[in-house]
């Protein structure tokens, strides 16, 4: 019987062919909608193949492969929109990084706690691991997104070149130090905790699953490169349409950052929800906080390099409303993480914070 070809093999190839056929053209509404579907499919396929490669090479290199793949996607979308967006795109990097922070810490974490508590009542996780992740994430966000609002070496909510270089290097070092801690030094802090009444539901899946073969990993590596190429190209094709759609809906330009972050974080959201339903709340929180750290700790250095040739200022400092939402998110997240257990209420509170963020982005 002939083996069926998986969607994650077909979609990147079709997306690349579509890119080649439409490159340099101005797609109409129908073609733009089709390209958007394949762009989302290529994003999902890229993350899937990155996970296959990660499972083969092991940790800590596996986490770096997945984070690098996601960061390439995010950077491609941000840089393309900044290059074509004019003066309105000067805050796009900040808006996207902050959107990723709010979606992960409130959306992914809140949804995971809600799904887990719906099945198990009280969700259990490791406060040492989640607390370390939250502390690192808070430091990253403060260095990259909060301090530019208050520094005085440059006018406006911008870093001076030296400050931007320091923030980029510090963000990268913080992220790499966390990856080492999570995957080597204190890996046990980040392993799933058995829920009350649950016995051995995830141990077999985590421990006894065979890693992919070398040939499978090499095939996924090739398809990962194809998918990323398709994403970068289709992002450039779609960037004017995304901005026109946001403008036509009457939403302010910062909402473009929400769209980018939601697109990039879709695979992590699905994976975290699946893990939460299986009782692996720690895995869900690892995905939430880890994705936010990668979004800031790897994207900000990339944007700092890109700012050398990108025209216009790079505004990274958060506004007053964003600062309030960030402060409340940090406080609520600390109260959620420190006990090592959470109920449905904590998940609902985080989701309300996410809703408030999206609402205030649309109606500032």
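The values are calculated or read from the model by the stated rules, or taken from the named source; none is laboratory data. Nothing here was measured: the structure is a model prediction, and the numbers come from that model. A quick note on method: Cβ atoms are made from the backbone with ideal geometry, for glycine too, and the neighbour counts reach across all protein chains shown.
Here's the yes/no breakdown for (1) outside any helix (DSSP H, G or I); (2) surrounded by 12 or more Cβ atoms within 10 Å (Cβ to Cβ); (3) modelled with pLDDT of 85 or more; (4) out of contact with any helix residue (DSSP H, G or I) (no Cβ under 6 Å at 6 or more places or on another chain):
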site	(1), (2), (3), (4)
16	no, yes, yes, no
24	yes, no, no, yes
30	no, no, no, yes
50	no, yes, no, no
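Mind counting the residues in the stretch 222-243 that are in contact with a helix residue (DSSP H, G or I) (Cβ under 7 Å, 6 or more places away or on another chain) and more than 19 Å from residue 74 (Cα to Cα)?
Going through the stretch 222-243 one residue at a time, the tally reaches 0.
Find the residue count for the stretch 159-200, including only residues that are without any contact (Cβ under 8 Å) to a residue 24 or more places away in the chain, under 20 Å from residue 126 (Cβ atoms) and not in a helix (DSSP H, G or I).
Count: 2.
Kindly evaluate residue 315 against the criterion of being crowded, with 24+ Cβ neighbours inside 10 Å and in contact with a helix residue (DSSP H, G or I) (Cβ under 7 Å, 6 or more places away or on another chain).
Judged against the criteria, residue 315 is not a match.
Of the conditions (1) surrounded by fewer than 24 Cβ atoms within 10 Å (Cβ to Cβ); (2) more than 12 Å from the chain's Cα centre (by Cα); (3) assigned to a helix (DSSP H, G or I); (4) touching a residue at least 12 places away in the same chain (Cβ under 8 Å), residue 219 satisfies every one except a single condition; which number is it?
Evaluating residue 219 over (1) surrounded by fewer than 24 Cβ atoms within 10 Å (Cβ to Cβ); (2) more than 12 Å from the chain's Cα centre (by Cα); (3) assigned to a helix (DSSP H, G or I); (4) touching a residue at least 12 places away in the same chain (Cβ under 8 Å) leaves (4) as the failure.
Give just the number: which of (1) assigned to a helix (DSSP H, G or I); (2) in contact with a helix residue (DSSP H, G or I) (Cβ under 8 Å, 6 or more places away or on another chain) does residue 135 not satisfy?
Of everything listed in (1) assigned to a helix (DSSP H, G or I); (2) in contact with a helix residue (DSSP H, G or I) (Cβ under 8 Å, 6 or more places away or on another chain), residue 135 misses just condition (2).
Just name the residue that is nearest to residue 110 (Cα to Cα) out of those in the stretch 246-272 that are over 17 Å from the mean Cα position of the chain (by Cα) and in a helix (DSSP H, G or I).
246
Residue 250: in contact (Cβ under 8 Å) with a residue 40 or more places away in the chain and either under 18 Å from residue 76 (Cα atoms) or surrounded by fewer than 22 Cβ atoms within 10 Å (Cβ to Cβ) (or both), yes or no?
No, not satisfied.
So residue 150 fits all but one of (1) touching a residue at least 12 places away in the same chain (Cβ under 8 Å); (2) within 23 Å of the chain's Cα centre (by Cα); (3) closer than 30 Å to residue 320 by Cα; what number is the exception?
Result: residue 150 fails condition (2) only.
Just for the stretch 273-286: of the residues that are over 13 Å from residue 130 (Cβ atoms), outside any loop (DSSP other than H, G, I, E, B) and in contact (Cβ under 8 Å) with a residue 12 or more places away in the chain, which one is farthest from the chain's Cα centre (by Cα)?
Restricting to residues being over 13 Å from residue 130 (Cβ atoms), outside any loop (DSSP other than H, G, I, E, B) and in contact (Cβ under 8 Å) with a residue 12 or more places away in the chain, the top hit is 277.
I'd like to check something: does the stretch 108-126 contain any residue that is in a helix (DSSP H, G or I), closer than 30 Å to residue 318 by Cα, in contact with a strand residue (DSSP E or B) (Cβ under 7 Å, 6 or more places away or on another chain) and at pLDDT 90 or above?
Within the stretch 108-126 (the criterion being in a helix (DSSP H, G or I), closer than 30 Å to residue 318 by Cα, in contact with a strand residue (DSSP E or B) (Cβ under 7 Å, 6 or more places away or on another chain) and at pLDDT 90 or above), the answer is yes, since at least one residue qualifies.
Considering only the stretch 146-157, state which residues are modelled with pLDDT of 90 or more and not in a helix (DSSP H, G or I).
The answer is 150, 151.
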